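Q: So that we are looking at the same thing, I have put the structure below in structure tokens.
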Amino acid sequence: MIKAFFSPRPWWANGLLLFCAYMTFVYLPFDLFYKPVTQDQEVWFGILFTGWSAKLLAIPHWFVYAWGLYGFYHMQKWMWPWAGLYVVQVGISMLVWQLSDTRGTGLGSGLIGLFIFAGLAILLLRRPSPFTRRTP
């Protein structure tokens, strides 16, 4: 049963599917409904938001991950190129955050993060064929 669930997708799409599921059903509900406003933080485009602005920005993050979960589960055509472009944006945001936030560790760490996300983006953008199959 588990093999049948994962077999229609490439390994990297299954990894992203599981990550999106975790963010949709575990992390973001915790972030929105349990974490105190004073401790809440969200990063958008490399800029750290705290407090109520972070709470409000968690809502679009929730939608992004829920759509990602749906898209990777069904390998929807619209996931290409949008998932890859989103991952590129995350990599650039990590670099910006490392350089601009006082807790960032600088250019080296930012480039490592950018390199990792660039590799994932290449998997997502290299060709649309995995997203042309329809799964359950």
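The values are calculated or read from the model by the stated rules, or taken from the named source; none is laboratory data. All values derive from a computational prediction rather than experimental measurement. Here the Cβ positions follow ideal geometry from the backbone for every residue, glycine too, while neighbour counts run over all protein chains shown. SASA here: full protein model, heavy atoms, side chains in, ligands and nucleic acids out. Shrake-Rupley method; radii C 1.70, N 1.55, O 1.52, S 1.80 Å.
Q: Trp78 passes all but one of (1) open to solvent by 50 Å² or more (accessible area, probe 1.4 Å); (2) closer than 28 Å to Val37 by Cα; (3) of a type in the set (Phe, Trp, Tyr); which number fails?
A: It is condition (2) that Trp78 fails.
Q: Looking at the range 49-77 only, could you name the residues that are more than 14 Å from Asp31 (Cα to Cα) and either touching a residue at least 24 places away in the same chain (Cβ under 8 Å) or small (Gly, Ala, Ser) (or both)? It would help to see each step written out before you state the result.
A: Here is the first cut: in the range 49-77, the ones more than 14 Å from Asp31 (Cα to Cα) are 64, 66-77.
The answer is Ala66, Gly68, Leu69, Gly71, Phe72, Tyr73, His74, Met75, Gln76, Lys77.
Q: For residues that are among the hydroxyl-bearing types (Ser, Thr, Tyr) and under 19 Å from Phe49 (Cβ atoms), scanning just the range 83-136, find the one that is most open to solvent (accessible area, probe 1.4 Å). Quick ask: steps written out before the conclusion?
A: Going residue by residue through the range 83-136, those that are among the hydroxyl-bearing types (Ser, Thr, Tyr) are 86, 93, 100, 102, 105, 109, 129, 132, 135.
In the following step, the residues that additionally are under 19 Å from Phe49 (Cβ atoms) were identified as 86, 93, 100, 102.
Values: Tyr86: 65, Ser93: 13, Ser100: 81, Thr102: 138 Å².
Only one residue tops the list, namely Thr102.
Q: Among the listed residues Leu28, Leu57, Leu18, which satisfies the condition of being touching a strand residue (DSSP E or B) at 6+ places or on another chain (Cβ under 6 Å), assigned to a helix (DSSP H, G or I) and modelled with pLDDT of 95 or more? Let's see the steps before the verdict.
A: On the way: Leu28 fails: touching a strand residue (DSSP E or B) at 6+ places or on another chain (Cβ under 6 Å); Leu18 fails: touching a strand residue (DSSP E or B) at 6+ places or on another chain (Cβ under 6 Å).
None of the other options fit; the residue is Leu57.
Q: Picking from Leu17, Leu28, which residue would you name as being in contact (Cβ under 8 Å) with a residue 12 or more places away in the chain, crowded, with 17+ Cβ neighbours inside 10 Å and closer than 22 Å to Leu124 by Cα? So that I can check it myself, show each step before the final result.
A: Values: Leu28 fails: closer than 22 Å to Leu124 by Cα.
Every option except Leu17 fails the conditions.
Q: Please tell me if Ser93 is more than 18 Å from Met23 (Cα to Cα), within 14 Å of the chain's Cα centre (by Cα) and hydroxyl-bearing (Ser, Thr, Tyr).
A: Taking the combined requirement at face value, the residue satisfies it.
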